[in-house]
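Notes follow once the structure below has been shown.
The values are calculated or read from the model by the stated rules, or taken from the named source; none is laboratory data. The structure displayed is predicted, hence computed values, not measured ones. Every residue, glycine among them, receives a Cβ derived from its backbone with ideal geometry; neighbour counts consider all protein chains shown. Protein only, heavy atoms only, side chains kept; ligands, DNA and RNA dropped before computing areas. Shrake-Rupley method; radii C 1.70, N 1.55, O 1.52, S 1.80 Å.
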Amino acid sequence: MSAVAPGATPTALEPPGRPSARWLILAVICLAQLTVVLDNTVLNVAVPSLTEELGATTADVQWMLNAYSLVQSGLLLIAGNSADRYGRKRMLAVGLGLFGVASLAAALAQSPGQLIGARAGMGIGGALLGTTTLAVVMQLFDDEERPKAIGIWSSVNSLGFAAGPLIGGTLLDHFWWGSLFLVNLPVAAIALVAVFALVPESKSRGGERPDVVGALLSMVGMVGVVFAIISGPVDGWLSGRVLISAAIGVVGLALFTVWELRVPHPMLDMHFFRNRRFVGAVAGGILVAFGMGGSMFLLTQHLQLVLGYGPLDAGLRMAPLALTVIVINFTGLGARLMPRFGTPGMIVTGMSLLAAGLAAISLLGAESYGGMLFGLIVMGIGVAVAMPTMANAIMSAIPPAKAGVGAGVNGTLMEFGQGLGVAVLGAVLNSRFAALLPLVAAGAGSLPAALARTHTARERGAVHDAFAAGIGASQLVGAAAVFLGGLLAAVLLRRAERAGGPTAAEGATPAAGPTPAAGPTPAEGPAAAPAVAE
């Protein structure tokens, strides 16, 4: 029997009386979440500095970016389980502490290996923060206020992806690259004090244990697959290193699936995938993150290495994307469009706009900023429409008492999609670059290294043209993937609506949080233990 009777209001899942400081608490957790998201993109503008000062190759840089997202995505689900069981406030505080310590280690790194290790440590703290922030939102706000709260949280989440290059560029224009991580320390300290003072504790009753084996298997699977994608252009797709890595990744993910189907307390209940709404939102979420993560990695290199802008100028020229997201989300345009378009329509519209923006940047912005500006604005509209809708669709398909797990699923999609986007689109860039200039690019590892092999202005121009062509090809690949993902997500969500009718989250209130008014969903599985606020 479900923990909440069909048709009942889930009062046990909400803090009694709704804390009067709930909006201030939302501001605190959004600040913590913004820091976590910023560190997914803030390092992109430092790629030239890292290449020069640390002697990092393109593969090193990709691992500096991917170490954070891969560790975070591998731990998000177990972090969500831990938050549900041990307390969301407690795990939020632990995450802030770990994130601050790892940020200090990253700022003091003296080699690519040290920075990669520190970024992995930041990923552990980020996993705890990424799950507990959204879970706390779900517990603090009732059905009436939850749509607005989720919209603000989603806006901050989207803003972080786009604002990272601007903040990073500003810091690099005045300080060294380590300042990108030192800025996290005061933010983490302020948020930690506020969490202890304001955030109420909440957790679920029950004896579920963290699924450590599942977390390890998921990490092995994802790291193996992405490492193969990164290494393919350099070592050859049929090389032993790449094939072994890919095999380890595939086997790891297969074992993860089998384990989750058999373990009594799975990190991710695979029965969720019987829910077409959940599957559709998952597909869309991965592809949006894929397009955003990969495009940020490529755009910052394009602005600096091809068009010749400095870090600050590059960040400023990325700002229209962030500003568009802010305007669309904080004016509530998405909420007003939801009743007209519905969840499938909002997702396919948003992802189509994101794909169109990526294509516009590739086709119109190769040699000037004008075409890129148009593409950035279109991308911003697409992100603002699609991201909050998909976050809500995922959360509404999971029992409310599993808020931490739901947030973990949502965060895993974002982090894995971004890491995969950087890896895949980076691999396309390297492959295209090497194909156009095989003698110059082979073994160079980066654009500066390739330029060092040239002797005349004509040769340097050819290298720049080849690199720009590689970026353009990568953007088109990202656009195609996002567009097809949008169509797939919309079809699955539309079929779910026709098969089972609208869920509570798809009813009268747009972007509403999950409610059990329709009874247990097919994906709910065993009875969910209610959450309790302390």
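Side notes on the structure shown:
- Packing, as the average of other Cβ atoms within 10 Å across residues, places the peptides 254-265, 93-104, 376-387 in the order 376-387, 93-104, 254-265, highest first.
- Rolled with a 1.4 Å probe across the full set of protein chains, the surface gives HIS174 an accessible area near 130 Å².
- Taking each residue as 0.36 nm, the span from GLU459 to LEU363 lengthens on full extension beyond its C-alpha to C-alpha distance by 32.2 nm.
- Added length on full extension, which subtracts the Cα-Cα distance from 0.36 nm per residue, LEU182 to ASP313: 45.0 nm
- Whole-angstrom gap from the range 136-204 to the range 232-297, using each part's C-alpha centre: 27
- Three-way shape label, the range 251-361, alpha-carbon gyration tensor, a/c 1.5: oblate
- Note on LYS203: lysines with a C-alpha under 18 Å away, same-chain residues under 8 apart excluded, are LYS89, LYS402.
- Trypsin sites (Lys or Arg not before Pro) restricted to DSSP loop in the range 289-381 with at most 12 other C-beta within 10 Å: none
- The range 115-131 and the range 307-382 have their alpha-carbon centroids 28 Å apart.
- In a reduced charge model with +1 at each Lys and Arg Cβ and -1 at each Asp and Glu Cβ, the range 40-174 shows a dipole moment near 400 debye about its Cα centre.
- The gain in end-to-end length when the LEU198 to SER111 segment is fully stretched comes to 27.4 nm, 0.36 nm per residue minus the alpha carbon separation.
- ARG241-LEU484 pseudo-label distance in nm [points 7 Å out on the Cα-to-Cβ vector]: 2.8
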